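Structure first, commentary second.
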Amino acid sequence: MQNFSCNLTIDNLFYNRKAIGKNLLEIMKLKGHTKISFSKLTDISRQTLNNLFKGEINDKTIFKTCINKIIETENITLADIINYNENKEIQNINDYKFDPKDKEMLDILHRILHLYELYYC
């Protein structure tokens, strides 16, 4: 398990958990995950992930455990989370990398919407 190092302490991260949560949500999206797939991948419950993304985890131990699971699973560093550029935008939907299972689900949904348009619009 990777430990927090440098000048940052778990207290600093914990007190800035709203900003950390926003960064984690954006990182999750950029890596092509949905909340459900990210929950399964990291072995963090969906409710806990939602609380983490909102900055609403009030227990430092749970917060630290979640951060460590994400760092290990996604092979990112703590610096990647902290220094995530909030202004980073995806220029083109084709640049967005979906998890293969999520992409399959989105393709099915697209086909359903197409059928709906054919028959009901």
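The values are calculated or read from the model by the stated rules, or taken from the named source; none is laboratory data. Since we're looking at a predicted model, the values are computed, not measured. So basically every Cβ, Gly included, is an ideal-geometry build from the backbone, and we count neighbours across all protein chains shown.
Annotations
- A Cβ distance below 8 Å, combined with a sequence gap of six or more or placement on separate chains, defines the contacts here; from region 102-121, residues that are surrounded by 10 or more Cβ atoms within 10 Å (Cβ to Cβ) reach residues that are in a helix (DSSP H, G or I) in the pairs ASP102/SER37.
- Within the set ILE27, ILE36, ILE76, ILE62, the sole residue that is loosely packed, with under 15 Cβ neighbours inside 10 Å and closer than 21 Å to ASP102 by Cβ turns out to be ILE36.
- Among residues of region 43-59 being assigned to a loop (DSSP other than H, G, I, E, B) and touching a Lys or Arg at 6+ places or on another chain (Cβ under 7 Å), the one that is surrounded by the fewest Cβ atoms within 10 Å (Cβ to Cβ) is ASP43.
- Residue match in region 88-107 (condition: closer than 19 Å to ALA19 by Cβ, part of a loop (DSSP other than H, G, I, E, B) and at pLDDT below 80): yes
- Residues of region 60-86 satisfying the condition of being out of contact with any helix residue (DSSP H, G or I) (no Cβ under 8 Å at 6 or more places or on another chain) and part of a loop (DSSP other than H, G, I, E, B): ASN75, ASN83, ASN85
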